[in-house]
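J.: Next up is a structure, given as structure tokens.
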Amino acid sequence: MDLLSQIGCRDWEEAGRKMHEFASELFPICRSITGDGIRQTLAMIGDRIPLEISSVPSGTEVFDWTVPKEWNIRDAFIQDARGQRVVDFRNCNLHVLNYSVPVHSTMPLEELRKHLFTIPEHHDWIPYRTSYYKPEWGFCLSHRQLESLRDGDYSVRIDSSLEDGRLNYGECYLRGRSSDEVLISVHACHPSLANDNLSGVVVSAFLAKALSGQELHYSYRFLFIPGTIGAITWLARNQERVQRIRHGLVLTCVGDSGGFHYKRSRRGDAEIDRAVAHVLRHCGESSEMLEFSPYGYDERQYCSPGFNLPVGCLMRSVWGSFPEYHTSADNLDFIKPQQLARTLRVCADTIDVLENNRRYVNQSPFCEPQLGKRGLYPSTGGAGLADALSARLWVLNLSDGQHSLLDIGERSGLPFSSIKEAADTLLAGGLLALSPERAEHSSDTA
Ligand SMILES: [Zn+2]
């Protein structure tokens with residue numbers, strides 16, 4: 001697949017740069033699970049890929065949850081007795097406890113302290129805190145800022161609103177030959193945080209752009225949603241169609257300098273789990289496989305027992321495990337263009353596996369066919385040729401209609417791309433025939 005030209009890039013380096021630029025454009029917006037911030041974010045994604053935006057009214061019941069009131073914020077500050085803003089939302093949107101109810105009051109420092117959050121271990125970092133489902137107000141500030149506050153009265157103002165409104169999410173649907181779907185889901189509800197939130201958003205948006213206009217077997221559904229409540233809402237409104245989802249990935253924290261981590265689906269051995277494991281083994285970076293657990297991001301909802309969808313979670317550093325997580329240090333310097341590009345590549349390679357994971361039947365299964373007389377035996381030496389021969393021999397041997405190309409890749413230790421190339425060559429040379437069924441059962445009804 002010619003993915004790079006589809007996103008208007010000459011090479012992966014340029015793709016990384018462009019993704020980082022898009023993250024920089026989205027970074028200043030004060031997002032939350034509802035409100036103008038996420039709407040503006042969805043509109044900016046919609047400028048790049050076809051995006052259908054859904055609106056769900058506050059108060060809508062979604063399984064055991066209720067869509068909350070819509071939160072918007074205009075300004076917030078703590079002002080000292082001289083009228084100086086000592087904490088100012090305009091400098092950093094993390095300063096306000098996300099979903100704070102409005103407040104306009106004057107109080108002594110002692111009372112104000114109950115509403116202040118800091119990270120004592122990191123003096124200059126501002127924490128990111130939320131209170132979506134409990135009416136609360138508060139400020140997040142650096143510990144250094146807190147220590148500089150003298151006793152006395154402070155004027156406190158949070159100019160926010162929490163009213164009946166809407167929850168919004170965006171969907172980009174790319175139709176393939178089959179109505180079976182691949183789901184890619186990212187949360188887009190965090191304010192100025194880069195790795196947790198924006199890295200997944202930009203990689204997903206670029207992946208959608210790269211796939212649009214390609215000849216695809218599967219249909220692809222990209223979701224840009226508020227975390228937890230967004231996934232729950234989407235699942236509640238699409239309960240009938242989720243069985244079409246054959247493979248799925250949640251992308252989060254995919255731009256930092258760490259190696260890859262992949263959390264398997266609840267099923268543990270879904271084709272997506274095997275495909276990602278295979279791609280990561282050959283990606284040239286360190287990677288670790290993690291078993292499913294019921295904490296994390298929206299894979300929790302997709303993998304809840306009623307759905308049990310084959311959805312895993314691709315990360316670099318694992319959420320919650322790096323000190324910058326949910327702090328102002330998760331900024332645009334924390335995510336690297338090169339890392340975003342490599343993640344995009346891993347996603348594209350995984351999709352390549354899913355799209356092409358077919359079974360073949362050797363048409364000359366009694367002893368080895370003579371490759372030389374068909375011009376299929378590499379005539380000169382070299383490591384590349386040895387691998388090419390090895391891939392052809394593996395494909396011929398295991399193409400009995402039972403083994404998929406991914407099975408052959410796993411068993412041979414060769415990358416999927418080599419196995420696929422060998423299968424293409426042998427198919428063209430008349431030694432293979434396509435097995436009528438795809439590797440996994442599917443319903444081609446589109
Ligand atoms: Zn988060």
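Each reported figure results from applying straightforward, stated rules to the coordinates on display, with no laboratory input. Quick caveat: nothing in here was measured; it's all calculated off a predicted structure. A quick note on method: Cβ atoms are made from the backbone with ideal geometry, for glycine too, and the neighbour counts reach across all protein chains shown.
J.: Between GLU368 and VAL101, with labels modelled 7 Å along Cα→Cβ, what's the label distance in nm to one decimal, could you check?
T.: Taking the simple label geometry, GLU368 and VAL101 are separated by 7.7 nm.
J.: Mind checking which of THR343, THR130, THR34 has the largest fluctuation in a GNM of the chain, springs on alpha carbons under 10 Å?
T.: Highest fluctuation among the options: THR130.
J.: Test of understanding: what is the full-extension gain from SER148 to PHE63, defined as 0.36 nm times their sequence separation minus their Cα-Cα distance?
T.: Working: separation 85, 0.36 × 85 = 30.60 nm, distance 4.65 nm.
The span from SER148 to PHE63 would gain 26.0 nm if fully extended.
J.: If you keep only loop residues by DSSP, which chymotrypsin sites (Phe, Trp or Tyr not before Pro) in region 1-102 have at most 15 other Cβ atoms within 10 Å of their Cβ? The partial results should precede the final answer.
T.: Working: sites: TRP12, PHE22, PHE63, TRP65, TRP71, PHE77, PHE89, TYR99; in loops: PHE63, PHE89, TYR99.
The qualifying sites are PHE63.
J.: Applying 1/(1 + (r/R0)^6) with R0 = 60 Å to the Cβ-Cβ distance of ARG82 and TYR173, what FRET efficiency is obtained, to the nearest 0.05?
T.: 0.60
J.: Charges only on Cβ, +1 for Lys and Arg, -1 for Asp and Glu: so what's the dipole of the chain about the Cα centre, in debye to the nearest 20?
T.: Values: 46 positive and 57 negative charges, 105 e Å.
Once rounded to the nearest 20, the dipole reads 500 debye.
J.: Given PHE77, ILE49, ASN98, which one lies farthest toward the positive end of the charge dipole of region 46-129, if we put +1 on the Cβ of every Lys and Arg and -1 on the Cβ of every Asp and Glu?
T.: Sorting the options by dipole projection puts first PHE77.
J.: How tilted is helix 271-281 with respect to the longest principal axis of the chain? Cα atoms for both, answer in degrees (0 to 90, nearest 10).
T.: Long axis of 271-281 versus the principal axis of the chain: about 90 degrees.
J.: Dipole size in debye (nearest 20) for region 28-144 around its Cα centre, Lys and Arg Cβ +1, Asp and Glu Cβ -1?
T.: Details: 13 positive and 14 negative charges, 55 e Å.
In debye, rounded to 20, region 28-144 gives about 260.
J.: Let me ask you something else. What angle do you read, to the nearest 10 degrees and between 0 and 90, between the alpha-carbon axis of helix 36-46 and the longest principal axis of the chain?
T.: That helix lies at roughly 30 degrees to the long axis.
J.: Using the beta-carbon distance between GLU136 and GLN338 and R0 = 45 Å, what value does 1/(1 + (r/R0)^6) give for FRET efficiency, to the nearest 0.05? Please list the in-between numbers first.
T.: Numbers: r = 40 Å, r/R0 = 0.88.
Result of the calculation: an efficiency of 0.70.
J.: Modelling each spin label as a point 7 Å along the Cα-to-Cβ direction, I'd like the ARG267/TYR377 distance in nm, to one decimal.
T.: For ARG267 paired with TYR377, the spin-label model returns 4.2 nm.
J.: Rounded, prolate or oblate for region 201-346? Axes are the square roots of the Cα gyration tensor eigenvalues, ordered a ≥ b ≥ c, and the cut-off for rounded is a/c under 1.5.
T.: Rounded, since a/c falls under 1.5.
J.: Additional query: In whole Å, what is the distance between the alpha-carbon centres of region 231-269 and region 37-81?
T.: First find each Cα centre; the distance between them is then 22 Å.
J.: Could you work out which residue, out of GLY284, GLY372, GLY227, moves most in a Gaussian network model of the chain, that is, has the largest mean-square fluctuation with Cα springs under 10 Å?
T.: Its mean-square fluctuation being the largest, the pick is GLY372.
J.: Using only the Cα atoms, work out Rg/Rh for the chain, with Rh taken as the Kirkwood radius, to two decimals. Walk me through the intermediate numbers first.
T.: Details: Rg = 25.3 Å, Rh = 23.8 Å.
In the chain, Rg relative to Rh is 1.06.
J.: I've got another one for you. Go ahead and estimate [θ] at 222 nm for the chain from helices alone: -39,500 (n - 2.57) per DSSP H run with n ≥ 4, summed, over the residue count, rounded to 500.
T.: -9000 deg cm²/dmol
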